[in-house]
1. Check Pro183 against each of (1) open to solvent by less than 20 Å² (accessible area, probe 1.4 Å); (2) within 28 Å of Val46 (Cβ to Cβ); (3) in contact with a His (Cβ under 8 Å, 6 or more places away or on another chain) and name the one condition it does not meet.
2. Please go through region 39-80 and pick out each residue that is crowded, with 19+ Cβ neighbours inside 10 Å and in contact with a Gly (Cβ under 7 Å, 6 or more places away or on another chain).
3. Assuming Asp108 fulfils every condition listed in (1) under 15 Å from the mean Cα position of the chain (by Cα); (2) of a type outside the set (S, T, N, Q); (3) closer than 30 Å to Ile172 by Cα apart from one, which condition is it?
4. Given (1) out of contact with any Lys or Arg (no Cβ under 8 Å at 6 or more places or on another chain); (2) over 25 Å from Ser147 (Cα atoms); (3) among the polar types (S, T, N, Q), identify the lone condition not met by Ser55.
5. Looking at Phe97, is it more than 19 Å from the chain's Cα centre (by Cα), surrounded by 14 or more Cβ atoms within 10 Å (Cβ to Cβ) and under 30 Å from Asn143 (Cα atoms)?
6. When the residues of region 128-160 are filtered to those that are among the polar types (S, T, N, Q) and outside any loop (DSSP other than H, G, I, E, B), which remaining residue is nearest to Leu214 (Cα to Cα)?
7. Within region 201-220, how many residues turn out to be in a loop (DSSP other than H, G, I, E, B) and either exposed (fewer than 10 other Cβ atoms within 10 Å of the Cβ) or under 30 Å from the mean Cα position of the chain (by Cα) (or both)?
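The values are calculated or read from the model by the stated rules, or taken from the named source; none is laboratory data. Everything numeric here is computed off the predicted structure, so don't read it as measured data. With ideal geometry, Cβ positions are generated from the backbone for all residues, glycine too; neighbour counts draw on all protein chains shown. To get the accessible areas, we keep the full protein, side chains included, count just its heavy atoms, and leave off ligands, DNA and RNA. Shrake-Rupley method; radii C 1.70, N 1.55, O 1.52, S 1.80 Å.
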Amino acid sequence: MKLKDLILVTNNNKGAESRYLSSIEEYMAVLFQAFAGSETEIAHAVGELCRTKDSNLWTEVYTAANKSFCARFCRDEQELRDFLMGYHKMAGKKTAFDRDACAKESLDVLTACNMDCAGRPLVEKLHYERQERRFRQGETLHNLNGSDYSVLMVLSENDLLLMALGSGQFLIAEGTREYARYPKEGTYSADSVTRGIEWDSGIYLGNDLSVIDLDNIRKEYAEANEEYGADEEMEH
């Protein structure tokens, strides 16, 4: 299961509220049980769920006068983390996270995103394997912290000028490398492997591209690369 196939669900059973993660298969099973014999109701509920992919909406389904649930497709890692920590549609109401109600595949997604059921990082439970990667201008890179970046300029083999797609922040990522991240122990599916970048240090340049001297940045890193190349030749 991919992150964007994950369904976030808040359940209200006679006033007692809980949260859990579902797959589309398990969500459909709930609908078939709730609306047995009513294809129209099922089709409407599925259509409303699909609308949440391109919006911030939640769909609300009543299965009885005092029983209902709200659901939406997960947008990104930040929304998943917020949901697990309780910052979601029902914010302000104390709700328990029901791990037992979660689809097994959804828990694999948590592992791939480096989160436990409370949205906290999985300390020492993941292995990072270095990947060979040649970075290219114009491509979009996923950082293992959950953010996406556009490559504006390749300054050297591992130094990149990036723009954060979420915030519009510009930065120079020095010592950028790509890794495959997966659980250290037990068996895991291909969907439990996350590929993304990390860097040694970041130089943050703000959100206004017009005040950033791109020519000077390009020249500075070109000179640094020439000096590094000369030192390598002397050593050999």
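1. (2)
2. Of everything in region 39-80, just one residue is crowded, with 19+ Cβ neighbours inside 10 Å and in contact with a Gly (Cβ under 7 Å, 6 or more places away or on another chain), namely Glu77.
3. So Asp108 meets the others, but not (3).
4. For Ser55, the failing item is (2).
5. Numbers: more than 19 Å from the chain's Cα centre (by Cα): yes; surrounded by 14 or more Cβ atoms within 10 Å (Cβ to Cβ): yes; under 30 Å from Asn143 (Cα atoms): yes.
Yes, satisfied.
6. First pass over region 128-160, keeping only residues among the polar types (S, T, N, Q): 131, 137, 140, 143, 145, 147, 150, 156, 158.
Restricting the remaining residues to those that are outside any loop (DSSP other than H, G, I, E, B) gives 131, 140, 143, 150.
On the way: Gln131: 29, Thr140: 20, Asn143: 23, Ser150: 16 Å.
Only one residue tops the list, namely Ser150.
7. Number satisfying all stated conditions: 3.
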